[in-house]
1. Restricting things to Cα coordinates, could you compute the convex hull volume per residue of the range 1-73 in Å³?
2. Would you work out the relative contact order for the range 29-95, in percent, from Cα pairs under 8 angstrom that are 6 or more residues apart?
3. Once Rh is set to the Kirkwood radius over Cα pairs, what Stokes-Einstein translational diffusion coefficient, in µm²/s, holds for the range 60-118 at a temperature of 4 °C and a viscosity of 1.567 mPa s?
4. If DNA, RNA and ligands are ignored and the probe is 1.4 Å, what is the ranking of Asp177, Asp43, Asp120 by accessible area, most exposed first?
5. On a full-extension model of 0.36 nm per residue, what is the gain between His35 and Ser101, subtracting their alpha-carbon distance, rounded to one decimal in nm?
6. Please work out the average accessible area per residue across the chain, using the 1.4 Å probe convention, and give it in Å².
7. Under Stokes-Einstein, with the Kirkwood radius over Cα pairs standing in for Rh, what whole-number D in µm²/s applies to the chain at 20 °C and 1.002 mPa s?
8. Local charge sum around Gly51 (other residues, Cβ-Cβ under 12 Å, Lys/Arg +1, Asp/Glu -1)?
Amino acid sequence: MPVLHQMHVSGNCYKVRLLARQVGVDLKLKDYPLHGGLTRTPDFLAKNPNGRVPMLELDDGRLLPESGAILWYLSAGRPLQPADEWARAEALSWMFFEQYSHEPYIAVARFWLTYSAPEDLARKRDLVPEWHKKGYAALGVMEAHLKTNDWFAGGRYSIADIALYGYTHVANEGGFDLEDYPAVRRWLGRVASQPGHIALQDR
């Protein structure tokens, strides 16, 4: 059985667990604490020199880090990866958007405002307005798309939606208010109603 090296509160790790449940892939979870530096030990760095989770470890010992790559691998040949070439490119485009324009602000704000020690947050407090400005900009891009589309790629629920859902559905933990993003809120509801959906805290 593949092993998912993960932190349970991480949205990036949650994306993988959600996809795996929805496509019927059983994973063994190996949990790491949010704090404590266990992903920076020599043993872990030998597996992933970037020192991060999620990382998928296959039965034959192959190792695959990065949530987007893991989503792509686990969804191959399954309905949640679009079959059409253009739709696959659309999915990748939104997944890259999530990692470069969305996650660095919405996820980072969530970590510092919800999961960091007060003294650590104090050193980052001056960055919060920028995180919010750029995070809201990303939400605006999503809102514009979702005003005329139910989903992000190929006209149906896919890994692109899972990638964006991971941190958007807990954006409030980063101080983001979705009141002015009704299309995003409706989309969140559609994702949550998909068969096999699990909450972030579920195992």
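The values are calculated or read from the model by the stated rules, or taken from the named source; none is laboratory data. Keep in mind it's a predicted model, so treat the numbers as computed, not measured. Cβ coordinates were reconstructed from backbone atoms using ideal geometry, including for glycine residues, and neighbour counts include every protein chain displayed. Only protein heavy atoms, including side chains, enter the accessible area calculation; ligands, DNA and RNA are left aside. Shrake-Rupley method; radii C 1.70, N 1.55, O 1.52, S 1.80 Å.
1. Details: hull volume 5.8 nm³, N = 73.
In the range 1-73, the Cα convex hull volume per residue is 80 Å³.
2. Details: 40 pairs, mean separation 10.2, N = 67.
Computed value for the range 29-95: 15 percent relative contact order.
3. Numbers: Rh = 13.6 Å.
Estimated via Stokes-Einstein, D reaches 96 µm²/s.
4. Numbers: Asp177 95, Asp43 125, Asp120 50 Å².
The residues order as Asp43, Asp177, Asp120, largest area first.
5. Values: separation 66, 0.36 × 66 = 23.76 nm, distance 2.53 nm.
Full-extension gain reported as 21.2 nm.
6. On the way: 10130 Å² over 203 residues.
For the chain, the solvent-accessible area averages 50 Å² per residue.
7. Working: Rh = 17.5 Å.
So the translational diffusion coefficient is about 122 µm²/s.
8. On the way: positive: Arg40, Lys47, Arg52; negative: Asp43.
Once all neighbours under 12 Å are counted, the net charge is +2.
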